[in-house]
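Take a look at the structure below.
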Amino acid sequence: MASTTDTGKAPSSHVELLFQAQIRKARQFRINVGISWAVLLFLLIFLFSGKNIQIGSFTFETIQLDSEFMVKNASFIAQGLSQTLLISFLSIFLAMMLALLAALGRLSTFPPLYAISTFYVSLIRGTPLYLQIFFFFLALPQLGIVLPGIVAGVMALGLNYGAYMSETFRAGLSSVGRGQREAAMALGMTPGQTMRRVILPQALRFAIPPMGNDFISMTKDSALVSATGFVHEVMWRATKVGRAQFNNLEALIMAAVFYWVMTLVLTFFQGRLEARLSKGDK
Amino acid sequence: MPLPIVKISNLDKYFGRLHVLKDVSLEVPERQVLCLIGRSGSGKSTLLRCINFLEEPSHGIIEVDGIKVPADTKGKERRQLIHDVRLKTGMVFQEFNLFPHMTVLENVIEGPVTVKGMEKDKAIALAEQNLDSVGMLFKKDEYPMRLSGGQKQRVAIARALTMEPRVMLFDEPTSALDPELIGEVLNVMKKVANEGMTMIVVTHEMGFAREVADRVLVMSEGQLIEDATPTELFNNPKDDRTKALIDRYRSGEA
């Protein structure tokens, strides 16, 4: 705030006016964005309302959805949310473990560890996630390894995200300056103590916001697991009822709404988390 | 003559092909305040960092309070010896290197609790005593981010002291500070010196060297070129390179 008492009243009020104008401008921008969002959302809903608009001789037809089908099947699809969230939580947990190990391996001076880490990341990043999921569901049974659907799904997603997230961890670990390690060493800490007490806590704080983003995209990538037909999450349920009654349009729209809302909720919490973490920096 | 706390024998250090320390030998007796001066790149920081093995000596022997570490010791024995040496030495860095995720008090008790396995209550009592003596007790629950450079460095000194070392190593402790904050750190260092701590201080602060040091070493191109009391050094420098250093300091002062 402009509380410059020593410079006299005139400049102070001038600063105050500019400051107020800036705040007003920012607020106006947010309001306008909000209104535009509302309009876009309204248009999108209107597009599926089934109402026809007559403008002169031109008739604008919107899409008619089978509302009876939607009402009847909404809860069936919604029941998949728990599976979607369960897969996502388990997978992100596995991914975090793998990512941390891979990141440590990548920073290791021991050749085999470095090799294992880079090999894993290269293999996973060099093949499609879709293929990896099918590998766990379809290829492993050929070797006599039949995993329960959710286990196979979690392993595929966890392995995949772990490879990508290892970069985030590595960046987090390298963001901790050399001086921190030296200070810990000078105190007599062992390498393990230095890692646990000094490096990791700082690296994690750096890595948590991007990991939140990864988690949000994982909730959506978990839909790929439906393709195997063994895990009854949102996408599987949507395609099942959609195909059965040839109401794919309605079923997919409902699934999309569920994913979108879930993402919005998670994004909200992630924003809160990020704000809280950055507060500790000041 | 009291026994040396730090004894360096025939120390050599290479960075790749660069020969940064050339056959350096040095003994520092107990309670001595030794200032290491010299132009940047002369090897004075490297020499200091070899004492607690933040730099690995290429050849020679480092001995701290009776713990002797020849450069060619290997493996587990070496790790143990280096660990023992680090328990005897406290280090203060140019960039403070406080742990940003810990409060001031947590920073200071971290070493005693994690490394020495000291009980937390005991560590806190000791830490508070040392924070008080550097004048930082009132900020004990703050995070380092909220402290000025001078305050950070005072906390860093308290952190090193709380490990109860036999010798304190200072690596250009005031070089990262705004000029108006240098005084408070130098005053704390004076206090530590007056309490009888053995200190090795790499510094550009000629004033501090002249006022507080018992002995000043001048380094140039990896060698000790002059070893004198501050009075001798400032009044009657022998080496031309030392004269140049002193003249520069005098002209800066005038």
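The values are calculated or read from the model by the stated rules, or taken from the named source; none is laboratory data. For clarity, every value in this text was computed on a predicted model and none was experimentally measured. Backbone-built Cβ (ideal geometry, glycine too); neighbour counts: all protein chains shown. We work out accessible area using only protein heavy atoms, side chains counted, and drop any ligands, DNA or RNA first. Shrake-Rupley method; radii C 1.70, N 1.55, O 1.52, S 1.80 Å.
Structure summary
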{"quantity": "Residue within the stretch A:155-175 that is open to solvent by 50 Å² or more (accessible area, probe 1.4 Å), within 14 Å of chain B (Cβ to nearest Cβ), under 30 Å from B:Pro173 (Cβ atoms) and outside any helix (DSSP H, G or I) present", "calculated": "no"}
{"quantity": "Matching residues in the stretch B:207-244 - criterion: being assigned to a helix (DSSP H, G or I), open to solvent by less than 20 Å² (accessible area, probe 1.4 Å) and closer than 25 Å to B:Val20 by Cβ", "calculated": "B:Phe208, B:Ala209, B:Leu233, B:Thr242"}
{"quantity": "Test: residue in the stretch A:184-192 that is among the small types (Gly, Ala, Ser), facing chain B (nearest Cβ under 10 Å) and out of contact with any Leu (no Cβ under 8 Å at 6 or more places or on another chain)", "calculated": "yes"}
{"quantity": "Residue among A:Gly242, A:Gly212, A:Gly229 that is on the phi > 0 side of the Ramachandran plot and of a type in the set (Gly, Ala, Ser)", "calculated": "A:Gly229"}
{"quantity": "Subset of the stretch A:229-246 [in contact with a Gly (Cβ under 7 Å, 6 or more places away or on another chain) and either within 14 Å of chain B (Cβ to nearest Cβ) or part of a helix (DSSP H, G or I) (or both)]", "calculated": "A:Val234, A:Trp236, A:Arg237"}
{"quantity": "Residue match in the stretch B:182-197 (condition: in a strand (DSSP E or B), closer than 19 Å to B:Pro29 by Cα and modelled with pLDDT of 95 or more)", "calculated": "no"}
{"quantity": "Filter pass, A:Tyr114 being more than 14 Å from chain B (Cβ to nearest Cβ) and touching a residue at least 24 places away in the same chain (Cβ under 8 Å)", "calculated": "no"}
{"quantity": "Strands (runs of 3 or more DSSP E) wholly inside the stretch B:22-133 containing at least 2 residues that are within 25 Å of B:Ser220 (Cα to Cα), over 17 Å from the mean Cα position of the chain (by Cα) and within 14 Å of another protein chain (Cβ to nearest Cβ)", "calculated": "none"}
{"quantity": "Check on A:Ala255, among the small types (Gly, Ala, Ser), in a helix (DSSP H, G or I) and in contact (Cβ under 8 Å) with a residue 40 or more places away in the chain", "calculated": "yes"}
{"quantity": "Residue match in the stretch A:178-193 (condition: at pLDDT below 95, part of a helix (DSSP H, G or I), of a type in the set (A, V, I, L, M) and within 26 Å of B:Met91 (Cα to Cα))", "calculated": "no"}
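Here's the yes/no breakdown for (1) charged (D, E, K, R); (2) open to solvent by 30 Å² or more (accessible area, probe 1.4 Å); (3) in contact with a helix residue (DSSP H, G or I) (Cβ under 6 Å, 6 or more places away or on another chain):
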residue: B:Lys68; (1), (2), (3): yes, yes, no
residue: B:Arg79; (1), (2), (3): yes, yes, no
residue: B:Leu87; (1), (2), (3): no, yes, no
residue: B:Val92; (1), (2), (3): no, no, yes
residue: B:His101; (1), (2), (3): no, yes, yes
residue: B:Glu106; (1), (2), (3): yes, yes, no
residue: B:Gly117; (1), (2), (3): no, yes, no
residue: B:Leu131; (1), (2), (3): no, no, yes
